[in-house]
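Participant: The structure is given below, and queries will be raised subsequently.
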Amino acid sequence: MADPAIYRPRTSEIPTEPGVYRFRDEQGRVIYVGKAKNLRNRLTSYFQDPASLHPRTHQMVFTAASVQWTVVGNEVEALALEYSWIKEFNPRFNVMFKDDKSYPYLAISMAEEIPRMHIIRGARKKGTRYFGPYSQVWAIRDTVDQLQRVFPIRTCSAGVLRRAQAQGRPCLLGYIDRCAAPCVGHISVADHRALAEQACEFMGGKVGPYLRNLERDMRQAASDLDFEKAARLRDDIAALQKVLERNAVVLDDGTDADVFAQVSDELESAVQVFYVRGGRIRGVRAWVVDRPGNATEAELMEKLLQQVYSESSEFDHTARIKRSAKSVDDVEHTPTSAIPSEILVSTLPTDATAVRDWLTSLRGAKVDVRVPRRGPKRALMETVAANAHHALRLHKSKRVGDLTQRSAALTELAEYLELDDAPLRIECYDISHTFGTHQVASMVVFEDGAPRKSDYRHFTIRSDSDTSLDDTAAMSQVLERRFRRLIAEENRLVGEDEDGVAFASGPIDHETGRPRRFSYRPDLVVVDGGLPQVNAAARTLDAIGIDIPIIGLAKRLEEVWIPDDEYPVIFPRTSPGLYLLQHLRDESHRFAITHHRKKRGRALTTSILDQIPGLGAKRQHALLKHFGSVKKLKRASEEELCRVPGIGPNLAATIWSHFHGENIE
């Protein structure tokens, strides 16, 4: 650990303006990001008597080796910059709220030529309208089913859409009137987009006017004796009312608001939010975070609001469009669509004024952040708080079992394999191929007994001759490439690795503070195979000077082999340590075979087209994109081939002649 007195800056050197500061460790990794109204006052507080610091702060200060700061114009800028750095560097000592699960959203992709309505999880995309989140997938599927009765928007994937366009006939949903079938011209693209815009307006809260228009049209159709149309409109109204009934009215005044309730104990904090639009609950979401001992509920609430609304508006933060925008696309790119005018919280954030100003700048209109004191909004806050209490209890009950099992597995591995400490980072390698062709390898990483998918890697096996390497030689190649790169980064070498990837000046990129690709040294290496495989892998590590424990896991009897040991280590069949190794091995196999299938599929597709003279990679891609498959390409006439960009009459004739006469089914 570093002595804070060594890197402490002089007090006179620290500015008194607002700003954001970063603590870095000896490797240059950012370990903490904070903001302050007065940088001098805040930073000097970290270098007071160590005995008076909170244990977490004490650990951070003694882990750090340097501190840097950036002066900004005001507290609002500091708030925005602080979160952007937290997200970029992911500092280990900062609080980050994490969802207890991935929530589904109803998405309408307005950026596509033919908008699509579908269910989605994960990161947002620009040009897509999102509604939710929903707590259950079945609820959103039922919503889509009801909406399609009134707004028959396409829900098919891009591949299904292209196939329908090529064949000239719609899918099943088009035949049963659950899709307007713009793919075959049953409705124009412009009219289909108008349907999507109406659906967005309805889900966005403009319910009353739309229902009144439908009721007026229904009565008019009945008076015109067009009873079929009147009945259809009646059913449409019933379907939309069913959608609305699933979203209970909680605020009679039709308020748009986000309601945050926070519940904390000594170790953790849970937050629940209800998204209320037009007085109705449109979605719910929950977070759970490990609570630092010195963090107050007000500080946690500030961090939460900072994270939620930075995520909500980051994909359109460059747009500042007027609130009077007319089209749905304009509304989507307007930050107002993600931030309501009223945010109700159980505890005011630490610097409520700065948070209000920051949210107002993001929204482009006034945002009120307050604690409800009475009336329906207070009652709603109590309901949200009750849900937060339940979420915290559920999280604790799940986490106790999960952490206990993972801890027992790591402890058992250390005991059976005679390791000095529990292996907190484990890497597992596997080889995949088809009769020696298209050889690939996978590297999966588990940290603290759980997968760390951001560190997964795959390798393409290289061979100097026409014959492929056997599995043992391929494994040796992969391990050598991986650990030579590790040595280069640890020794701060500059150059390119054998994969042609540039590396420079150590395991940490000092421009960004983020670790490089292969910067972390594992505590245990696992290879798929028995004693011959693990002995070969151990010789490879010894040859390049790497001293890391390595084992092999044989599939037949689930035996664990240690290099040069005559007999394997036998774990009990119910052992949590064996289960963890099996999980590692299976995950490595899955990751390897997935990459292998993709590579093999690309190779099989292009190998057929490679035989056609004059047909390069770009034109192959254009043909496959236009026709969707080689089978359809074979059936195309010369005239159809000429419609593809880059394909002239002579080349079209060559392609047709190449396939002509084959038995095409």
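Participant: What nm distance separates the two modelled labels at I608 and E418, each placed 7 Å from Cα along Cα→Cβ?
Facilitator: 5.7
Participant: Something else now. Rounded to the nearest 0.05, what FRET efficiency do A365 and Q167 give with R0 = 35 Å and r taken as the Cβ-Cβ distance? Could you check?
Facilitator: Computed FRET efficiency for A365 and Q167: 0.15.
Participant: Sticking with this one: So, counting K/R as plus one and D/E as minus one, what does the shell of residues with Cβ under 13 Å around V384 add up to?
Facilitator: Within the 13 Å Cβ shell, the charges total +1.
Participant: Round to the nearest 10 and report in Å² the accessible area of E299, as given by a 1.4 Å probe over the protein chains' heavy atoms.
Facilitator: For E299, solvent-accessible area is about 80 Å².
Participant: For K598 and A473, calculate 0.36 nm times their separation in residues minus their Cα-Cα distance, and state this gained length in nm to one decimal. Please report the intermediate quantities before stating the final value.
Facilitator: Working: separation 125, 0.36 × 125 = 45.00 nm, distance 2.28 nm.
Here the answer is 42.7 nm.
Participant: Further question on the same structure: Assuming 0.36 nm per residue, please report the length gained on full extension of the stretch I119 to T574 beyond their Cα-Cα distance. Show your work: numbers first, answer last.
Facilitator: Details: separation 455, 0.36 × 455 = 163.80 nm, distance 3.91 nm.
Residue separation times 0.36 nm, minus the Cα-Cα distance, leaves 159.9 nm.
Participant: Also, I was wondering about something else. State which entries of K87/K453; K37/K366; K303/K377; K35/K303 exceed 21 angstrom in Cα-Cα distance in the structure shown.
Facilitator: The answer is K37/K366; K303/K377.
Participant: Can I ask one more? Under 12 Å from the Cβ of R539, count the other residues' Cβ atoms, weight Lys and Arg +1, Asp and Glu -1, and hand me the total.
Facilitator: The answer is -3.
Participant: Follow-up. So how much accessible area does I343 have, in Å² to the nearest 10, using a 1.4 Å probe?
Facilitator: Counting only protein heavy atoms, I343 exposes about 0 Å² to solvent.
Participant: Under a plain spin-label model, where a point goes 7 Å from the Cα along Cα-to-Cβ, how far apart in nm are V630 and I544?
Facilitator: The modelled label-to-label distance comes out at 3.6 nm.
Participant: Rounded to the nearest 0.05, what FRET efficiency do R8 and R457 have when you use their Cβ-Cβ distance and R0 = 45 Å?
Facilitator: 0.70
The values are calculated or read from the model by the stated rules, or taken from the named source; none is laboratory data. Since we're looking at a predicted model, the values are computed, not measured. Glycine gets a Cβ as well: all are built from the backbone with ideal geometry, and neighbour counts include every protein chain shown. The accessibility values were calculated without ligands, DNA or RNA, using every heavy atom of the protein model including side chains. Shrake-Rupley method; radii C 1.70, N 1.55, O 1.52, S 1.80 Å.
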